[in-house]
1. Hey, what did chain A get for relative contact order, percent, Cα under 8 Å, at least 6 apart?
2. Which value, in debye to the nearest 20, describes the size of the charge dipole of chain B about its Cα centre when Lys and Arg Cβ atoms bear +1, Asp and Glu Cβ atoms bear -1, and nothing else is charged?
3. Springs between alpha-carbon atoms under 10 Å, Gaussian network over chain A: tell me which of A:ILE292, A:ILE95, A:ILE258 tops the mean-square fluctuations.
4. With all protein chains present, how much of the accessible area of chain B (probe radius 1.4 Å) comes from carbon and sulfur, to the nearest whole percent?
5. Report which residues of the stretch A:171-202 become buried by 40 Å² or more of accessible surface when going from the isolated chain to the complete set of protein chains (1.4 Å probe; DNA, RNA and ligands ignored).
6. Can you tally the net charge around A:GLN49? Count Lys and Arg as +1, Asp and Glu as -1, for every other residue whose Cβ sits under 14 Å from the Cβ of A:GLN49.
7. Stokes-Einstein at 25 °C, 0.890 mPa s, Kirkwood radius from Cα pairs: D for the stretch B:5-231 in µm² s⁻¹?
8. Can you compute the charge dipole magnitude of the protein assembly as shown about its Cα centre, using +1 on each Lys and Arg Cβ and -1 on each Asp and Glu Cβ, nothing else charged? Give it in debye, rounded to the nearest 20.
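The values are calculated or read from the model by the stated rules, or taken from the named source; none is laboratory data. Because the structure is predicted, anything quoted here is derived from the model rather than measured. Note that we place each Cβ from the backbone using ideal geometry, even for glycine, and neighbour counts take in every protein chain shown. For accessibility, only protein heavy atoms count, side chains too; no ligands or nucleic acids. Shrake-Rupley method; radii C 1.70, N 1.55, O 1.52, S 1.80 Å.
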Amino acid sequence: MVQLYHRYGALLATLLIAATAIWVLMMVVLPYLVMAEYSFHPNLPMTQQGGPNDVYTLSNYASLFSGIDLLNGELPDDFRVFLRTIWGSTLVTFISLVVCYPVAWHLAKAAKPEQVGLLILLLIIPFWINEILRTFAWYIILAYNGPLNSALLGMGLLDKPYRWLSGSGGVLIGMTYAFILFMMFPLINAIETLDISQVEAARDLGAPEWQIHRRIVIPHAKPGIAVGSIMVFVLAASSYIVPAVLGSPGTRWFTETIYIWFFEGQDWPRGSAYAFILLGLCVVFILSVMRIFRVGLTDIAK
Amino acid sequence: MSRDVSLDRVTMRFASYVAVNNVSLDIKAGEFFSFLGPSGCGKTTILRMISGFMNPTEGRILIGGEDMKGNGPNKRPTALIFQNLALFPMMSVADNIAFGLEMRGVDKSVRRRRAEELLELVALPDAADKRIDELSGGMKQRVAIARALAVEPQVMLLDEPLSALDLKLRQHMRAELRAIQRRTGLTFIYITHDQGEALTMSDRVGVMSRGQLEQVGPPSEIYNEPATAFVAGFVGENNVFTGRITEVAGGQAVVETGDGRLIGRNPRGIRVGTQVVMLVRPERLKPLAVAGPTPENPNVLSRSVDHVDFEGAFANVHLKQPDGAKPLSMHISNDGSLTDLVGDRVFTVGFAPQDALVLAANGA
């Protein structure tokens, strides 16, 4: 700050700081504050807003959980969607990790240096295309009479076409594809820093391949796994396009529920409350991953 | 139990580059053998082929008489100590040492006991539960040795493990390594570019250059009887006189050099007319009382002092060469007579014919 004043003089420095402050407050902080304010008010017609019924309440937050009857196994729809979002995002994170780990290992340690550049380029190129277009491409691939089913039928792996888009399969595939690079690059970076002589030492001491990964590579790659998992989970949980395009009514995502309350239910307070619940979910996930992997913020920053 | 290691016409090619060229060698069981050579001479490649990380393009590697072809590093009775030690930072000292045993399915309590025994052996008791980053360089060294010993190898392979240590610690660890080798009776194969390490620790040294073994022998033989000009130049210092042999008789050769007619040993029986180098160690060059050559002292030179490097135990007197070539070096031990050496004066120096070695010139 002092440096800024020294370099640009009082007037310009003040202007710069003011502009930044206004930007952050108006564009970033204020909308959240407005939404937070909404989420603690009942949904009232315009005429009653600010009137005697307009009190602070937690009912918007509570409404997600009201009607849960564990004895009879009955769950309200919104809560069911919430659980599905948690479970689905966890699954997408796990699948991404399983798919990325061998590829990341290959790119970081096994492949010849002159191949790595090309392979990474091949990974990135599809992501130059807009996310919506990529998701629609998957819609075509997974369609009942689409290329995936034809290929599987042709190879004799299926005897009748499979409805990929009516269950959760399409959503899981689409999301894994959409966010996989966010797992890939942290993993590659983490594995790259492993000293290859540690792998050789383990091998020399008699470790089979899977033990080398279990005892040496994976423990070393933990910060990368943590960062990748956090990224993929948060993006999956807050994804809207993929479930909207590849999902079916039976596989609604929590983001869609929020959208419905905002724009179809015209209940902004409840939509706001749900959005904060989703934010809370992501924060809880991040903190648990950091705890499970025993990594701190500084490890993740690496 | 230790095993012998044999290299049978081993060659290693990388594309067009030959890293190791037709090396044959028998290393005896229980021997401390060093490969000595400059970087890029192929010594590390040999070690990696013995440990199983590489397979020779031609030839065989036998351990205890058994061809190791197709056996990976985990299937060989060898343990490698890496140049950077490659300790596992996410494991405790005890877990590092017991890693090999863990991979063999040894019980946890047995592993722990074995790790403690080995820590005792390498003089690091009480370190079992420390983290690797809490250890000093010397301690890490000992942990690496203990970890390699834990898998009860028959051959220990060491890839310049002392290079990261400071001088004092390095000298201490030399003695320590030698002691551990004697105590365990294992075959040690040691890679180094440091002649001091190779000469002090080894039973035998193999000097390598450009993928080939130049000479194999005990340290004293390597130093006193170098087989080639390369070995003489790489191990220890030399005064070099180049010239042509004019006469050969009785195991000696007369060489006509830029410094005159000099006589030296000719153990290789090099013929008259050959371009040769005559090598004289600085400690064999001596100040003389006489002024000119005599039958007993045929090699006499008069040179003025360029400068004197005082090294403590001895002084390294540099003598100017007439044509401005590299000054001669003469080591004079610090026995109290050093003071009158200093100053701009002319010395008469010489060396006995048995102290000068005649070898074919490099590349000839």
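1. 24
2. Values: 41 positive and 42 negative charges, 187 e Å.
Magnitude of the dipole: close to 900 debye.
3. Top of the fluctuation ranking is A:ILE292.
4. Carbon with sulfur: 49 percent of the solvent-accessible area.
5. Listed in order, they are A:SER197, A:GLN198, A:GLU200, A:ALA201.
6. Surrounding charge for A:GLN49 is -3.
7. It comes out at roughly 136 µm²/s.
8. Numbers: 58 positive and 60 negative charges, 180 e Å.
Roughly 860 debye, rounded to the nearest 20.
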